[in-house]
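The numbers here are math on the coordinates, done by the rules we state, and not lab data. If you're wondering where the values come from, they're calculated on a predicted model, not measured in any experiment. Note: ideal-geometry Cβ built from the backbone for every residue, glycine included; neighbour counts use all protein chains shown.
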Amino acid sequence: MPVSAWREAGDIFTAPERAALQWSEAVTLVSETHVPDESFAAVSAEFQPKEIADLTLAIGLMNAYNRLAISFCRQPEGVTSA
């Protein structure tokens, strides 16, 4: 199951995992979502401020890696383009 389907996954993810996934989406889509207050409230209910900062930095770093890979037309190892 792709992580993008986490909302449909029912109880597969714990409350902290769901909050982190919601936060990841909101931060990744900041230009569209402006990081809704409900996302911050959800992540704040499950994590301490330093944990939120660490999570946010990890999300930003992953987004930067993805943008670099896309910009340089990098494919994951073992994947060939059609």
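Which residues, taken from the stretch 23-44, are under 17 Å from Trp6 (Cβ atoms) and of a type outside the set (Ser, Thr, Tyr)?
Those that are under 17 Å from Trp6 (Cβ atoms) and of a type outside the set (Ser, Thr, Tyr): Trp23, Glu25, Ala26, Val27, Leu29, Pro36, Glu38, Ala42, Val43.
Within the set of pairs 6+ apart or on separate chains, which have a first residue in the stretch 3-26 that is under 14 Å from Ala42 (Cα atoms), a second that is polar (S, T, N, Q), and C-beta atoms under 7 Å apart?
Gln22/Ser39; Trp23/Ser39; Ala26/Thr33; Ala26/Ser39
Would you mind telling me which numbered condition in (1) of a type in the set (S, T, N, Q); (2) exposed (fewer than 15 other Cβ atoms within 10 Å of the Cβ); (3) touching a residue at least 24 places away in the same chain (Cβ under 8 Å) Thr56 fails?
Condition (2) is where Thr56 drops out.
Restricting the first residue to the stretch 29-46 and requiring it to be assigned to a loop (DSSP other than H, G, I, E, B), which pairs with a second residue that is aliphatic (A, V, I, L, M) meet a Cβ separation below 8 Å and a spacing of at least six or different chains?
Listed by first residue and then by second, the contacts come to Val35/Ala26; Val35/Val27; Pro36/Ala26.
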